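The values are calculated or read from the model by the stated rules, or taken from the named source; none is laboratory data. In this text the structure is predicted, and so the values were computed from the model without any measurement. Every residue, glycine as well, gets a Cβ built from its backbone with ideal geometry; the counts of neighbours run over all protein chains shown. Note: accessible area is taken over every heavy atom of the protein model, side chains too, but ligands, DNA and RNA are not part of it. Shrake-Rupley method; radii C 1.70, N 1.55, O 1.52, S 1.80 Å.
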Amino acid sequence: MSLRDHEGDRRGRWTMLAGEVMRSPAITLRRDDSVRRAIRVLYDHDITAAPVLGEHGELVGMVSEIDLLCGAFTPGVSAPRAVGDVMSRQVSSVEDTTDARVLTDLMITKRVKSVPVLRDERVVGMVSRRDLMALLARSDDELREAVLAALRERYPSDASWEVLVRDGEIDLRGPEGQGPGHVADLLERTVPGVRPARLLG
């Protein structure tokens, strides 16, 4: 895991970004792809939705399982044949520099399962609810390594961190001068799934 002190955060805090959580490259479709092909793509890649790109690679929509199922089972000769006929044109997306907490709030508020991640208006990845759940489902050993990695990157000159994680809660002892509140804030923002229990300076 890497951390960033990005320009948009005026408080100067370190944070996990959408670009560090996303799956890349994103599985994408085109407007003129057939509904049948899109069904195969989602099924074969075990995903619930995919971004739809326009002629110049720009994001023009999203197509989900339910969109495709409705299209596939529409009766009659006028049933939709192409992704462009069934896709949603209202798309919630984020930049790769978006705070992962902002991304999570967006998914909860909009009740969407997947969100495209953009860089310079191009789709560079996707984040799903399952990707975020995977961060929370890590074992205590995995969380401990993530905590140590975050501390080493934030405090490269301090090697004397003692970290114990039990059921997602951490006991941490650090070098003199590192306030417990500051360290707790750092870990809450960069290591999802871990809860500070005792932070001893």
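Whenever a residue of the range 15-40 is closer than 29 Å to residue 100 by Cβ, its partners that are of a type in the set (Lys, Arg), lying with C-beta atoms within less than 7 angstrom and at least six residues away or across chains, give the pairs 15/4; 15/189; 16/189; 17/4. In summary, residue 104 fulfils each of the numbered conditions (1) closer than 30 Å to residue 146 by Cα; (2) open to solvent by 100 Å² or more (accessible area, probe 1.4 Å); (3) of a type in the set (Ser, Thr, Tyr) with the single exception of condition (2). For the range 118-136, the criterion of being exposed (fewer than 13 other Cβ atoms within 10 Å of the Cβ) and under 30 Å from residue 169 (Cβ atoms) is satisfied by at least one residue. Out of 57, 84, one residue alone is loosely packed, with under 15 Cβ neighbours inside 10 Å, touching a residue at least 40 places away in the same chain (Cβ under 8 Å), over 29 Å from residue 190 (Cα atoms) and small (Gly, Ala, Ser). It is 57.
Going by what's in this entry, would residue 79 be described as more than 26 Å from residue 121 (Cα to Cα), open to solvent by 30 Å² or more (accessible area, probe 1.4 Å) and hydrophobic (A, V, I, L, M, F, W, C)? The answer is no for residue 79.
Just one of (1) closer than 22 Å to residue 19 by Cβ; (2) part of a helix (DSSP H, G or I) fails for residue 69. It is (1).
Inclusion of residue 147 among residues that are surrounded by 14 or more Cβ atoms within 10 Å (Cβ to Cβ) and either in a loop (DSSP other than H, G, I, E, B) or modelled with pLDDT of 75 or more (or both) is warranted. Exactly one residue among 91, 147, 123 is touching a residue at least 40 places away in the same chain (Cβ under 8 Å) and under 15 Å from the mean Cα position of the chain (by Cα), and that residue is 123.
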